[in-house]
Amino acid sequence: MEYLDQLKRSITITNPPQRIISLVPSQTELLIDLGLEERIVGVTKFCVHPKGLRKRKTIVGGTKNYRMEVIESLKPDLIIGNKEENEQSGIEELMEKYPVWMSDIYTLEDSLDMIGSFGEMQGVEEKAEEMIKQLNSDFALPLAKKGTAIYLIWKDPIMVAGRNTFIDEMMDFAGFDNLIQTSRYPQLTSEELVKLNPEHLLLSSEPFPFKDIHIQYFQSILPKAKVRLVDGEIFSWYGSRLLSVKGYCENL
């Protein structure tokens, strides 16, 4: 069967695939929640959900570097990746040998499209549609406005989430007005951060693991802001983790 991925590439796969490698943690979790664990043969070292999965599956590397000989030994009939999270040259090498379905996620609608595609490709349309229906309900109305905010993803240098990112979409749903108007993930100096004067400063748990000690520093330069740690998976994982977003953000 032929399917289009989110890069508008046509791929031909066994229908449904029985030996899947997932190179993206959030998409690995989605496969599991769609009831497809038995078909997964390989994951990355960052595929931490559900607990114990990495002990049950073969580790094929990280999201940027792949153990090509291990992937070859697994004989995958489908590899699932993501344009932003995976390294381009490695993915292109894999595309020469295997069917590689790529996601490209910026919005909630992109996520729902991906979930639907997973359901179609892997013969679990009913489960996928149930998930999509629940997410459409959860995200039907944005939450109450909380005020201006900046979302940090890295410490040295300070890097933040700007426009044209999935994090920005989740911030908007949660009620935060993102002060970063530039695209993607710009760098800021401490002085620029102070000048922007956000009402909320959100320190993500990933990719940089912000801790309580970082709250102390940023609170010292932004004494009027509400500085807090937030779950990076809630704001940036675009698979079945989305089912937890509403409840989490209502309590922020």
Per GNM of the chain with C-alpha springs under 10 angstrom, the most fluctuating residue out of F218, F118, F173 is F218
Could you tell me how many degrees, from 0 to 90 and to the nearest 10, lie between the Cα long axis of helix 108-121 and the main elongation axis, the longest principal axis, of the Cα atoms of the chain?
-> 20
Around L78, which amide H atoms from residues at least 5 apart in sequence, or from another chain, sit under 5 Å from its own amide H, with H modelled in the peptide plane?
-> R19, I21
Cα centroid distance between segment 57-75 and segment 128-150, in Å?
-> 35
Alpha-carbon gyration tensor eigenvalues x 5, square-rooted, for segment 20-166, Å = 27, 21, 14
For the Cα atoms of the chain, what angle does the longest principal axis make with the long axis of helix 212-221, in degrees from 0 to 90, nearest 10?
-> 40
Mean Cβ count within 10 Å, highest first, over the residues of peptides 90-103, 157-170 | 157-170, 90-103
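Filter the trypsin sites (Lys or Arg not before Pro) in segment 165-252 down to the DSSP loop ones having no more than 12 other Cβ atoms within 10 Å, then list what survives. Show your work: numbers first, answer last.
Values: sites: R184, K195, K211, K224, K226, R228, R241, K246; in loops: R184, K211, K224.
Loop-located and lightly packed - K211, K224.
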Apply the Karplus parameterisation 6.51 cos²θ - 1.76 cosθ + 1.60, with θ equal to phi minus 60°, to every residue of segment 87-101 and state each ³J(HN,Hα) to the nearest whole Hz, in sequence, with x for glycine and proline.
-> 7, 4, 5, x, 5, 5, 5, 5, 4, 6, 10, 9, x, 10, 9
Over segment 118-252, what relative contact order in percent results from Cα pairs under 8 Å that are six or more residues apart?
-> 24
Two pseudo-spin positions, 7 Å from Cα along C-beta at E87 and at W154, lie apart in nanometres by 1.6
How do I213, I80 stack up against each other in accessible area, from largest to smallest, with a 1.4 angstrom probe?
-> I213, I80
Placed amide H near I158: partners under 5 Å, 5+ positions off or other chain | L188
Distance violations [Cα-Cα > 31 Å] among K83/K195; K83/K211; K133/K226 | K83/K195; K133/K226
How far is it, in nm, from the label point at L143 to the one at D110 when both lie 7 Å from their Cα along the line to the Cβ?
-> 2.2
Roughly what would the spin-label model give for T14 and I59, points 7 Å off Cα along C-beta, in nm?
-> 2.7
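The values are calculated or read from the model by the stated rules, or taken from the named source; none is laboratory data. A quick note: this is a predicted structure, and the numbers were derived from the prediction, not measured. Note that we place each Cβ from the backbone using ideal geometry, even for glycine, and neighbour counts take in every protein chain shown. What goes into the accessible areas is simple: the full protein's heavy atoms, side chains included, and nothing from ligands, DNA or RNA. Shrake-Rupley method; radii C 1.70, N 1.55, O 1.52, S 1.80 Å.
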